[in-house]
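Worksheet: the structure to be examined is printed underneath.
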There are 4 protein chains.
Amino acid sequence: MRYQEIINDICHGLYQDPPKGEVASYIPELAKVSPDHFGVAMVTQTGDYFASGDAEQRFSIQSIAKVLSLTLAYQHLDGKLWKRVGVEPSGTPFNSLVQLEREEGIPRNPFINAGAIVVCDVLIGLLKDPVNDLLKFVRSLSGNETINYNPVVAASERSEGYRNLALTNFIRSFGNIHNDLDDVLDLYFNLCSLEMNCQELAETFFFLANDGVTRAGKRILTRSQTKRINAIMLTCGFYDEAGDFAYRVGLPGKSGVGGGIVAIHPEEYVIAVWSPPLNPKGNSARGVAFLEAFTTLTASSIF
Amino acid sequence: MRYQEIINDICHGLYQDPPKGEVASYIPELAKVSPDHFGVAMVTQTGDYFASGDAEQRFSIQSIAKVLSLTLAYQHLDGKLWKRVGVEPSGTPFNSLVQLEREEGIPRNPFINAGAIVVCDVLIGLLKDPVNDLLKFVRSLSGNETINYNPVVAASERSEGYRNLALTNFIRSFGNIHNDLDDVLDLYFNLCSLEMNCQELAETFFFLANDGVTRAGKRILTRSQTKRINAIMLTCGFYDEAGDFAYRVGLPGKSGVGGGIVAIHPEEYVIAVWSPPLNPKGNSARGVAFLEAFTTLTASSIF
Amino acid sequence: MRYQEIINDICHGLYQDPPKGEVASYIPELAKVSPDHFGVAMVTQTGDYFASGDAEQRFSIQSIAKVLSLTLAYQHLDGKLWKRVGVEPSGTPFNSLVQLEREEGIPRNPFINAGAIVVCDVLIGLLKDPVNDLLKFVRSLSGNETINYNPVVAASERSEGYRNLALTNFIRSFGNIHNDLDDVLDLYFNLCSLEMNCQELAETFFFLANDGVTRAGKRILTRSQTKRINAIMLTCGFYDEAGDFAYRVGLPGKSGVGGGIVAIHPEEYVIAVWSPPLNPKGNSARGVAFLEAFTTLTASSIF
Amino acid sequence: MRYQEIINDICHGLYQDPPKGEVASYIPELAKVSPDHFGVAMVTQTGDYFASGDAEQRFSIQSIAKVLSLTLAYQHLDGKLWKRVGVEPSGTPFNSLVQLEREEGIPRNPFINAGAIVVCDVLIGLLKDPVNDLLKFVRSLSGNETINYNPVVAASERSEGYRNLALTNFIRSFGNIHNDLDDVLDLYFNLCSLEMNCQELAETFFFLANDGVTRAGKRILTRSQTKRINAIMLTCGFYDEAGDFAYRVGLPGKSGVGGGIVAIHPEEYVIAVWSPPLNPKGNSARGVAFLEAFTTLTASSIF
């Protein structure tokens, strides 16, 4: 199979060099992960599956999960969601607080922390049992009942989360947090603690490559809504490296500080990569290198 | 033909309401254009042509031309170009000077003024007769020898261009302008004064929908380079409305304050729209509305 | 007596015009104060007392109290205090969060909210019973056992204090808050709720005009420390109007959003003014006008 | 004489340690000055003169001269001047361009470059032969006909002055530069090139310690205007170290990157210090240390 060969060739090449960058260390659970892990998994729209390396070892998907909470909120609210969070790239991490101040508590997009926190607040207003209902939704996307939060990671995030407490109170001062702050952050820290392996990530995000329908045939979003989530991933999915990722890789995607990246080729495939060492912008160094090589060799970007 | 019907239907609907927004007024030549003009032209990769309204009346393409100067510089320098200008969205207009200061004279991307000025400086180092050579290049893209600069517009830009003089001197203070400042701005103001109609715009930008090859069959960029220019247009082509345009329309594109927008569906079509009144972000209000309706009705975004 | 005549003349003139500006309204206790109150009280270093208008009606001194908490912390720590808070004007309110981010959690000065919160954290580390000990200190400065916190104001500040919660968590994320956040903010909100009248304010701040010694003869600070507190008031005491106040009035001072201002002429006098309507920079409009006239007519600025 | 002894003692102590900091190097004329120079000169209001070290060797007074151009403009326009330039501290150098953008071309104060450039533009509108008339004014303040510009320094500043060209064009884009840009910058670069020794500096600035009257008995400003210039020096005279200088030294003053500082004790004395190595904020390290010791030992700050 051609895709499998290309994946193998790229992985073989990347294995030659030790991975560059540093593993995230702000909580112990991330710091102790080996930098040598490297996994790839891919599912095509027609259902073919390809994988390599540590594709079946779970890791902390961290910010990748922000796409899932966004999807659930968007499913309920459609365009009304955008009154509370924008769809523009944020420019730089440095600016996040300035922008919040200037834009009066409306975060720039749902993938910066401020935006993901507002999405959690939205979900609390929509769901009866937010933490469990969100988990059920994620399991229904993936068709996998074993996917779970990692309570140790969630607790660790909470204990280091002064910056997020600051952000949340700041947004609340502008009236854009409606629920109890502890509930909002509880959902947020659980969300960030979700664990999956590359295969599970590819299964879970399959609906974004399949016009909104999961592998099990369940419609999650309309075709138009699906395109819009992909568009937001392309412009905002990689912190201040979004432009560079679009330039190099040419696919919508989302990264997490656990070293995972998931990328979507609409109506073609979904691909997930995992390698913990991060480049200076906070994205998996080997993951970006793999995906750049992959879309170049398969000539398969969206552009 | 289906595309023509859809174009006609959307135009018919948009004609019902007077266009919202204000015509650009910072130079007299733009201010005196009627807000009622409205034109559309489209060329498919297979060569079919569709049009509506004022598709054959020329207007000032302004910043749309920044894609053309970028293409010429990229053709010569390939990836080395990115040492002097980035590929990241700028966040906000407000930030442009701050970012230049923090990022030490490297503009965020080639479509903000600072970046386009650096690209002009690059071209002066590459071309014997920059103003004429750039015009020849544009004419060769379009296959149309009558395309030209408007010297009145260029002179008017120059006489109001204190902000651009400030930017250029600021970049020069960081060592990222290598040539005579007057030469750089002369090229820049000429570039911004280029005039085309919608049909000519569609012909000129055809190579970006055709893997780098013009309608006349001339290769301008490699396939990979072409994808990369499209990626930069998607993330940076609409000032701080880039995310919203990706979300609504879902195509790479570039706007100008003359009211023009050109959008690319790679390997499908190129489409140009013109309506002078601008929305608060500086993009053609009716142009964006047309394109949103068009990609929705044709279900043809890249996502 | 000459001072009394000048005070009367200026007050008489100011009474002719209704006061400009708006009474602070972010908590109900401030919003319901009549805009017409106007009081002045002055004590010279030699002990003469002059007053006019509502000099004996108490009001919420708000940020004026930040000088008192600073004095207490400085008394204990001397120059070591400046490792945790700076002595530079902040430029603008807009910048407060940006500056905190760039300067890694060290607030610019002890009179912006962030700085006063850090001073409260310092006091919690120094005092056995911070809320009561601080009150005792204030009473000992004034020689007045009836001065007190207003628990309704403190509770109201707390219920609206999301911005301050945001600031405190943000500073804590940089390691510059050492104690329990609720304790810190409890002290801070109590501090802001202190009530005095103009006469009491003049008595309390007398030590700053008297080389560090209270009216009762108790030394609070050394002569050198006293000068330094006065210097910080001059450069930082009026938000982003500090330069203008120095220019117009020419005395060290501190304002509060309750409409009070206290100003010091070292080794000459202390003067307190109260008029609730605030100018756009958040300082008492009539208070500033009174003081400008007073130092002009008495030719008594420090410059 | 007591002042002479104190000066000698402090200088003796400071000579023990090599001066810290770096000599300004952005133009060759400043870079080649020996870091070991150290001079002090002081004139009391009653006419006594004290000096030490290199008090009679001239150096480039640089930004200190901005007080002189401000004085001349203020003499002509009085308060109307403040429509074109503010009197607030700027916070940080980083912010200068942001602030100019947010405050629409009105520089924060007359001592940041942007503000001094606007003052030069004002002077061009007031004077027949600005470069010569300003020099005459400076000579009349000092009573010294040999004071002059250094044309080599002025030319060198001009050749490196892209940042100032950027600032000037930026201000012009907001309409706050009214004259030919080359004329404005010519006056500005000449101003910065003025040379004096410590003795001459003390003589020149004597009027600010003497209620507006020069040593020769000529009134330059009213008493009230003099106080206001002193106030602006206190809040804005030392870039983003203004608060620290007020705190440590407690006198209005102005520094230049040539290593000079002049400080005023109104109605007491004027004192000038010179030592080329600069601290990280751009002020003479030994100069600040000297003045802190001097006002401490003489207990003579304004606070």
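Summary of values
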item: Position D:Lys80, label points 7 Å along Cα→Cβ, spacing to each other copy in nm (shortest first, one decimal); result: 5.7, 5.7, 5.9
item: Net charge over other residues, Cβ less than 15 angstrom from the Cβ of D:Tyr49 (K, R count +1; D, E count -1); result: -4
item: Per-selection Kirkwood Rh - the stretch C:180-280 (Cα, Å, 1 d.p.); result: 14.5 Å
item: Over 23 Å (Cα to Cα) - which of A:Lys281/B:Lys66; C:Lys218/D:Lys227; C:Lys66/C:Lys218; C:Lys66/D:Lys80 fall in this group; result: A:Lys281/B:Lys66; C:Lys218/D:Lys227; C:Lys66/D:Lys80
item: Isotropic mean projected area of the C-alpha convex hull, the protein assembly as shown (nm²); result: 49.2 nm²
item: Pair-distance profile P(r), taking every C-alpha pair of the stretch B:221-303, with 5 angstrom steps and integer %; result: 3, 17, 29, 27, 16, 7, 2, 0
item: The stretch A:181-227 - Rg over Rh from alpha carbon coordinates, Kirkwood radius; result: 1.12
item: Chain D, relative contact order [Cα under 8 Å, separation at least 6], %; result: 27 percent
item: The stretch A:3-125, relative contact order in percent, only Cα pairs under 8 angstrom and at least six apart counted; result: 18 percent
item: Per-copy distances of the A:Asn144 label point, shortest first, in nm (7 angstrom along Cα→Cβ); result: 5.3, 7.0, 8.1
item: A:Leu167, D:Leu297, B:Leu291 arranged by Cβ crowding within 10 Å, fewest neighbours leading; result: D:Leu297, B:Leu291, A:Leu167
item: Per-residue mean of C-beta atoms belonging to partner chains within 10 Å, peptide C:246-256; result: 4
item: Hull shadow area, averaged, the stretch B:24-78 [alpha-carbon convex hull, nm²]; result: 5.8 nm²
item: Rg in Å to one decimal, and Dmax rounded to a whole Å, for the stretch C:1-56 via C-alpha atoms; result: 14.1, 41
item: Charge sum, other residues only, whose C-beta stays under 10 Å from D:Ile61's C-beta, Lys/Arg counted +1 and Asp/Glu -1; result: +1
item: Whole-angstrom gap from the stretch A:184-225 to the stretch D:160-204, using each part's C-alpha centre; result: 60 Å
item: 5 Å binning of all Cα-Cα separations within the stretch D:116-260, expressed as whole percents from 0 upward; result: 2, 9, 15, 17, 22, 19, 11, 4, 0
item: Neighbour-count ranking [beta-carbon atoms within 10 angstrom, fewest first] of A:Thr146, C:Thr226; result: A:Thr146, C:Thr226
item: The stretch D:139-216 pair-distance distribution - Cα-Cα, 5 Å bins, rounded %; result: 3, 14, 19, 15, 14, 13, 15, 6, 0
item: In the stretch B:10-66, the trypsin sites (Lys or Arg not before Pro) that fall in loop regions by DSSP, at most 11 other Cβ within 10 Å; result: B:Lys32
item: Beta carbon of chain D nearest to the axis of the rotation taking D to C, residue and angstrom distance; result: D:Gly91, 1
item: Relative contact order computed over the stretch A:167-303 (Cα-Cα under 8 Å; 6+ residues apart), in percent; result: 18 percent
item: Euclidean distance of C-alpha centroids, the stretch C:36-67 and the stretch A:39-78, integer Å; result: 66 Å
item: Per principal axis, descending, Cα span of the stretch A:260-303 in whole Å; result: 30, 16, 14
item: Restricting the stretch D:205-303 to trypsin sites (Lys or Arg not before Pro) in coil, as DSSP defines it, with at most 14 other Cβ within 10 Å; result: D:Lys218
item: MRE, 222 nm, helices only [DSSP H, n ≥ 4, -39500 (n - 2.57), over chain C, to nearest 500]; result: -14000 deg cm²/dmol
item: Principal axis dimensions, largest first and in whole angstrom, of chain C by Cα; result: 54, 39, 35
item: For C:Gly143, net neighbour charge (Lys/Arg +1, Asp/Glu -1) across residues whose Cβ lies under 15 Å away; result: +2
item: Solvent-free Debye scattering, log10 I(q)/I(0), computed from the Cα coordinates of the stretch D:1-160 at q = 0.11, 0.12, 0.16 Å⁻¹; result: -0.63, -0.75, -1.19
item: Label 7 Å beyond Cα on the Cβ vector: C:Gln57 copy-to-copy distances, nm; result: 6.6, 6.7, 7.4
item: For B:99-111, mean number of other protein chain Cβ atoms within 10 Å; result: 2
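Quick note: the coordinates plus some simple rules give every number you see, no bench work behind them. Please read all numbers here as calculations on a predicted model, not as lab measurements. For neighbour counting, all protein chains shown are included, and Cβ atoms are generated from backbone atoms with ideal geometry for every residue, glycine included.
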